[in-house]
1. How about segment 206-229: which of its residues are more than 20 Å from residue 139 (Cα to Cα) and either surrounded by 15 or more Cβ atoms within 10 Å (Cβ to Cβ) or modelled with pLDDT under 75 (or both)?
2. Which residue, of 84, 118, is outside any helix (DSSP H, G or I), surrounded by 22 or more Cβ atoms within 10 Å (Cβ to Cβ) and modelled with pLDDT of 95 or more?
3. Within segment 125-182, how many residues turn out to be surrounded by 21 or more Cβ atoms within 10 Å (Cβ to Cβ), out of contact with any helix residue (DSSP H, G or I) (no Cβ under 6 Å at 6 or more places or on another chain) and in a helix (DSSP H, G or I)?
4. Do the conditions hold for residue 39, that is, is it surrounded by 15 or more Cβ atoms within 10 Å (Cβ to Cβ), within 28 Å of residue 159 (Cβ to Cβ) and in contact (Cβ under 8 Å) with a residue 40 or more places away in the chain?
5. Give the number of residues within segment 236-258 that are within 24 Å of the chain's Cα centre (by Cα) and assigned to a helix (DSSP H, G or I).
6. Report, by residue number, each residue of segment 1-12 that is under 20 Å from residue 118 (Cα atoms) and either out of contact with any strand residue (DSSP E or B) (no Cβ under 6 Å at 6 or more places or on another chain) or not in a loop (DSSP other than H, G, I, E, B) (or both).
7. Residues being part of a helix (DSSP H, G or I), more than 14 Å from residue 91 (Cα to Cα) and over 16 Å from the mean Cα position of the chain (by Cα): count how many of those fall in segment 25-58.
């Protein structure tokens, strides 16, 4: 799908961050957009920015953790646009906590959005993407879907699950020769509000978390969106976003499970 003009793209979590940047960049490519979020004020700002590109944009309030709502959303988008070509399962949240201190309600909250939200979006839109004859699924994982780090066990669990689910789906669709491509995206530190909006566990210092995130989040959402869209156009199965993502990917491939000695050392130094 090296030409996105006239395609219909669905973007979840489009009220800010990478989702907003993707919507704006896709609009400049000539994509018609179905954007969603629970942050409707942020979403309307995204819609206004995207509409300047003279393409069709519709905004929807959507809780991606609600299976019935996601399936209804897929039907509504198809009615509104006639077909669907791309789904960016981008909506996500964060949680910083030692697993021994975790509140299970917080764990379930994160998994329902970061994992099940991706699954619901993919499964709901997959038949419509197949019917379009030219579909692409883009699921947002993380570099923490490549390696695990202390205090991010819940996030790791969700993002590893997204990776496994997405890579299996890609293989199945290729084996069955169905007209849908699949990409898994692994962003590193992106300058968004995800850390400031994160839930924190008992004993965690939010100010320290925010400060630490600001130090490592070097890639702008706009740059991230550029990298993702470029990867989609050439049908990359794994899209690494940011220099730090490439370094972490290389470390994982070089060290295997021994990367954990590095992350343990950094955690003891309170670098994350």
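The values are calculated or read from the model by the stated rules, or taken from the named source; none is laboratory data. Please read these numbers as outputs of a predicted model, since none were measured by experiment. Virtual Cβ from ideal backbone geometry, glycine too; neighbours counted across all protein chains shown.
1. Selection gives 206, 207, 208, 209, 210, 211, 212, 213, 214, 215, 216, 217.
2. 84
3. 2
4. No: the conditions fail for residue 39.
5. Residues meeting the conditions: 11.
6. 8, 9, 10, 11
7. Adding up the residues that qualify gives 11.
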